[in-house]
Structures are given as C-alpha cells and as structure tokens.
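Worksheet: the structure to be examined is printed underneath.
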Amino acid sequence: MNHQAMIQGVSSGAESPAPMILIENLHKSYGHNDVLKGINLAIAKGEVVTIIGPSGSGKSTLLSCINFLESYDEGRIVVDGAVIGYVEDGKGRRIRMPEKDLNALRQQIGIVFQQYNLFPHMTVLQNIIEAPIQVAGMSRAEAIAVARLQLDRVGLRNKENAYPSELSGGQQQRVAIARGLAMMPKLMLFDEVTSALDPELVGEVLGVMRDLAADGMTMMVVTHEMAFARDVGDRVVFMDDGRIVEEGPPDQLFYAPRKERTRAFLKRVLTPQSGL
Ligand code: ADP
Ligand code: MG
C-alpha cells in the first residue's frame, strides 16, 4: 500500500480528503518522564487548531515533534502525506530518516517560538532571505521578492533595512513570522508567540495570525490568549499531562466542556481579564 492509500485508510471517512497533519498514538519521554502519552490528532488543510493547557502538559513538545526538532518514541506523524521522522527497514524496525530527507520535510513546516531569535547583526531583509537562499536554494533576487511579499503581509515592508534592535518586540515577532512564511510552508506552528510581549504589543501579532488564518493557512497555535483560541480556532484542543483531554469547536470547549479537568482549567484561566 502506498502512503496515500495508508492515510486514507485511517482517516475518518473514505470521502474525506487526506489531512494536512495526522498524528497517531504519539509517545515521547525524556528519560523516565512520559511527556506525550498517546496523542491522536488529524488536522485538515486550511484548518486552524488552537491548543490550550497548563504549563508542562506537553504542548511545546508536541509541536517540536511535528517538525522533528525532537525525536519521538512511538507512533506516527504524517504531514501532507509524508511520514516525518522514521522509516521502516526491511525487518520492520524503525530507523531515523536521513538528515537530508528530514530537512526537506522540515522546510514545509514553519515554526515560530516565544523567543523570536532573529540574527541581531542582520537587517530584517537579510534575516528573511537567509534560509530561502541557503536552505531552499532560491536565487537572491527570488528570495528578496518573496521576502518583500511576506513583509507586506505582516505590515513591515518599510522596515526591511532596520536591524532587530531597532524594532519593538511585536515588530520582531512579525518579522519572525514573515521569515517562516518566506519558506512557503504548507503549515505553520506557533508556540506561545505572544507570551514574551508587552501587553500592548500582543494585538498586532495576533492580528497577523488572524489574517494568515483567513488566508487559508493550516495552523497549530499553542496559546495562553483564550479569546484568540476561541475566535480564531476552528477547533480547540485541551491538553493536560501528556494527553488530549478534550477537543471540540470553540463554543463547545469553552462554554460546554465535557470533562471535569477541562472545566477546572478554564475556571482558573477564564478571568475577567481574559476577555471571555
Ligand atoms: P508545555 O509546552 O505544555 O508547557 P513542554 O512540552 O514544554 O510543556 O514540557 C512537557 C514536559 O517535558 C515537562 O515536564 C518538561 O519539564 C519536560 N521537558 C520539556 N523539554 C524537555 C527537555 N528538553 N529535556 C527534558 N525534559 C523536557
Ligand atoms: Mg510550552
């Protein structure tokens, strides 16, 4: 059976299209610490899934496994039809994919972290064109054209010659998003990208992510911003202790949660300040 047939064989219905991301029975531990305890999740093309849950529940580890920044111990991750991480040898043993193949797959997955990690000695434009030229093999002219397009998208075209230190935290994070988009990824992963920002800068970054979602980008967004999780997520996933406790449409998850653990978490985080 080829990959495509395998994926369709496990998706919910024969008529439903293959998901952009398929995670099956994902397990990951650090030493004796079981961090992911059997995650199952399928995300459709163009879907926005927001992930909430207490600190230490495995949210960052999950995102890191998807683009294989972290290895995993058991299960399978399939991105747009291609398994990422491991292949089976002739005897059915799991072996790590060659680095070259992993890098080719990673290029399709944009990831933005809480810390934007721009190169301080490079201008905004240089930061953005670096990977497209060095990793994706784009010509310099092509990379610049793509970078300007993405800077337009995040509203920072006029800052292409600025250095990161000349920008606010919100602007730097928008550059980091443009840098991810410049690789033309099939999906974007966001890990608490507004957590390090001053409150007055959070809105501009969330606004860029809202536009991306409206443009049809497939996104997984780990966030503490409950109003954002509710308003932008097509689906909300609540994680606790290495498991998906509950998932559902935002209104159901926030206002009619089925599980006691979800209710307890929401009770803690849904303060008058959360805007919900
Ligand atoms: P979250 O993002 O939900 O706060 P994490 O995925 O960062 O959770 O962490 C889940 C668990 O994995 C925590 O117990 C954390 O201490 C542990 N952990 C995360 N990264 C590492 C690492 N690199 N080495 C060892 N333990 C880790
Ligand atoms: Mg985290």
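The values are calculated or read from the model by the stated rules, or taken from the named source; none is laboratory data. Note that the coordinates shown come from a computational prediction; the quantities given were computed from them, not determined experimentally. Cβ placement follows ideal geometry from the backbone for every residue including glycine, while neighbour counts extend to all protein chains displayed. For accessibility, only protein heavy atoms count, side chains too; no ligands or nucleic acids. Shrake-Rupley method; radii C 1.70, N 1.55, O 1.52, S 1.80 Å.
Going by what's in this entry, would F119 be described as of a type in the set (F, W, Y), over 17 Å from the mean Cα position of the chain (by Cα) and in a loop (DSSP other than H, G, I, E, B)?
yes
Hey, can you tell me all the residues within region 13-57 that are assigned to a strand (DSSP E or B), within 16 Å of ligand 2 (Cβ to nearest atom) and open to solvent by 50 Å² or more (accessible area, probe 1.4 Å)?
Passing the criteria: Y30, N33.
For region 127-179, give me the residue count where each residue is among the β-branched types (V, I, T) and either over 23 Å from the mean Cα position of the chain (by Cα) or surrounded by fewer than 21 Cβ atoms within 10 Å (Cβ to Cβ) (or both).
Residues meeting the conditions: 4.
Quick one: in region 73-126, which of the residues that are among the hydroxyl-bearing types (S, T, Y) and within 28 Å of R174 (Cα to Cα) is nearest to ligand 2 (Cβ to nearest atom)?
Y116
For region 202-225, which residues satisfy the criterion of being buried (at least 20 other Cβ atoms within 10 Å of the Cβ) and within 16 Å of ligand 2 (Cβ to nearest atom)?
M220, V221, V222, T223, E225
Applying the selection to region 56-112, what residues are away from ligand 1 (no atom under 16 Å from the Cβ), in contact with a Gly (Cβ under 7 Å, 6 or more places away or on another chain) and touching a residue at least 40 places away in the same chain (Cβ under 8 Å)?
The one that is away from ligand 1 (no atom under 16 Å from the Cβ), in contact with a Gly (Cβ under 7 Å, 6 or more places away or on another chain) and touching a residue at least 40 places away in the same chain (Cβ under 8 Å): G110.
Would you check which residues across region 265-276 are surrounded by 13 or more Cβ atoms within 10 Å (Cβ to Cβ) and in a helix (DSSP H, G or I) and list them?
Those that are surrounded by 13 or more Cβ atoms within 10 Å (Cβ to Cβ) and in a helix (DSSP H, G or I): F265, L266, V269, S274.
Output yes when any residue across region 209-231 is in a helix (DSSP H, G or I) and among the β-branched types (V, I, T), and no when none is.
no
Of all the residues that make up region 242-257, how many are open to solvent by 60 Å² or more (accessible area, probe 1.4 Å) and in contact with a helix residue (DSSP H, G or I) (Cβ under 8 Å, 6 or more places away or on another chain)?
Residues that pass the stated criteria total 2.
Return the total of residues in region 180-193 being touching a residue at least 60 places away in the same chain (Cβ under 8 Å) and open to solvent by less than 10 Å² (accessible area, probe 1.4 Å).
Number of matching residues: 6.
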